[in-house]
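Student: First the structure, then my questions, so here it is.
The values are calculated or read from the model by the stated rules, or taken from the named source; none is laboratory data. These figures come from a predicted structure and were not determined experimentally. Note that each Cβ is placed from the backbone with ideal geometry, even for glycine, and that neighbours are counted across all protein chains shown.
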Amino acid sequence: MQVFKIHGTEYAVEKLLGKGKGGYSFLVTDEESNPFTIKQIHHEKCSYYTFPEDKLGLELRHYDFLKGIGVKMPTLLDFDRDQEIILKEYINGPTLMDLVMKGQITVEQMMYMQNLQELCQKNNVNIDYFPTNFIVQNDEIFYVDYELNVYDEKWNFDNWGRKYYSRETREFQEYLQSLQAKE
């Protein structure tokens, strides 16, 4: 069993939650079986995105900025610079992608995403609006990634993200085909 150790506390990996452009996220538990998320930064090449050298530092700065403007996110609990890992609060619930796949996205959830876009635009940033980056818990939506970029209308929710929130769009169908090709 894989174990991460941060400042003397061991966290046992329960399962891989996902792989993103910048890291792997794992559901982990401490010695008392409390759940957490650990993000392990990776340095694998990404054909469509360029990261600076200090990915961990970037994540930490983005977290502070997004929390400061009021984006709902899992709380950053600890990090280890040498291992390039971040310990976060675990948010349990379906991703917005899970809901899209089931055709269960609500009008209220879409309005929340629209309001989130307005908040981000007002603060001159975009976040990654892809629906796997959002988890619903107790009717609240949490952005579980800490990624942000300087605002560009091309990459806002309306012009990019929204295309992945309906099973009927060409972009969503292409995404599904890419998943099937990986199987």
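Student: For segment 139-174: of the residues being part of a helix (DSSP H, G or I) and of a type in the set (Asp, Glu), which is surrounded by the most Cβ atoms within 10 Å (Cβ to Cβ)?
Tutor: In this case the residue turns out to be Glu171.
Student: Next question, about the same structure. Based on this model, can you work out whether Gln177 counts as farther than 29 Å from Phe36 by Cβ, part of a helix (DSSP H, G or I), without any contact (Cβ under 8 Å) to a residue 12 or more places away in the chain and outside the structural domain of Leu58 (by TED's automatic domain parsing)?
Tutor: yes
Student: Turning to a different aspect of this structure: Using the structure shown, decide if Leu66 is under 19 Å from Gly22 (Cβ atoms), in the same structural domain as Ile41 (by TED's automatic domain parsing) and surrounded by 20 or more Cβ atoms within 10 Å (Cβ to Cβ).
Tutor: For Leu66, the condition - under 19 Å from Gly22 (Cβ atoms), in the same structural domain as Ile41 (by TED's automatic domain parsing) and surrounded by 20 or more Cβ atoms within 10 Å (Cβ to Cβ) - is met.
Student: Can you confirm whether Lys72 is surrounded by 19 or more Cβ atoms within 10 Å (Cβ to Cβ), among the basic types (Lys, Arg) and under 25 Å from Asp30 (Cβ atoms)?
Tutor: Working: surrounded by 19 or more Cβ atoms within 10 Å (Cβ to Cβ): no; among the basic types (Lys, Arg): yes; under 25 Å from Asp30 (Cβ atoms): yes.
Against the criterion (surrounded by 19 or more Cβ atoms within 10 Å (Cβ to Cβ), among the basic types (Lys, Arg) and under 25 Å from Asp30 (Cβ atoms)), Lys72 does not qualify.
Student: Of (1) part of a strand (DSSP E or B); (2) touching a residue at least 24 places away in the same chain (Cβ under 8 Å), Asn92 satisfies all except one. Which?
Tutor: (1)
Student: Sticking with this one: Exactly one of (1) crowded, with 16+ Cβ neighbours inside 10 Å; (2) modelled with pLDDT under 95; (3) among the hydroxyl-bearing types (Ser, Thr, Tyr) is unmet by Thr50. Its number?
Tutor: Only one criterion is unmet by Thr50, namely (1).
Student: Ok, one more. Checking the condition farther than 19 Å from Val136 by Cα, surrounded by 14 or more Cβ atoms within 10 Å (Cβ to Cβ) and not polar (S, T, N, Q), which residue from Ile6, Ile91 passes?
Tutor: Ile6
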